[in-house]
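Okay, structure first, notes after.
The values are calculated or read from the model by the stated rules, or taken from the named source; none is laboratory data. Source: prediction; values computed, not measured. All Cβ positions, glycine included, derive from the backbone under ideal geometry; neighbour counts span all protein chains shown.
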Amino acid sequence: MSLAPAADDSTDLKYGLDTLFGRQTQSIDCRYDVQRLDDGEPVWFALHVQPPLPDDLEKAQIVVFSTEGRHIGGIVRLAKRLDDGSLRLEVEPD
């Protein structure tokens, strides 16, 4: 089931990277689609992030995004670069 990003926040994506100096938080403007992966508990989401996007997004451990007027944060369980240059992130909400 696809979900639509909130109109006012449809391009804002925040993500966190663990570094030697602690957690580093980044914020980018990008286009993304949100898809609910199953109807079970816990609910998982897939983010399909369109290019251009930063190279380090693929290494993100956490993300925060908006969909249907809600902010959702979660742990990135899988990141996969696709042939068209986009990125698929599978996210388990925390």
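Residue check, PRO51 against (1) assigned to a strand (DSSP E or B); (2) in contact with a Gly (Cβ under 6 Å, 6 or more places away or on another chain), all met but one. Which one?
Condition not satisfied by PRO51: (1).
If the Cβ limit is 7 Å and pairs must be 6+ apart or interchain, which residue in the stretch 24-35 that is among the hydroxyl-bearing types (Ser, Thr, Tyr) pairs with which residue that is in a loop (DSSP other than H, G, I, E, B)?
Taking only residues 6 or more apart or on different chains, the pairs are TYR32/PRO5; TYR32/GLN50.
Being modelled with pLDDT under 75, more than 18 Å from GLU92 (Cβ to Cβ) and exposed (fewer than 14 other Cβ atoms within 10 Å of the Cβ) is the filter here; which residues of the stretch 1-48 pass it?
The answer is SER2, ALA4, ALA7, ASP8.
Every residue, every condition in (1) aliphatic (A, V, I, L, M); (2) over 10 Å from the mean Cα position of the chain (by Cα); (3) at pLDDT 95 or above; (4) closer than 20 Å to GLY22 by Cα, yes or no:
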| site | (1), (2), (3), (4) |
| --- | --- |
| PRO52 | no, yes, no, no |
| ALA60 | yes, no, yes, yes |
| GLY69 | no, yes, no, no |
| ILE75 | yes, no, yes, yes |
| LEU78 | yes, yes, yes, no |
| SER86 | no, yes, yes, no |
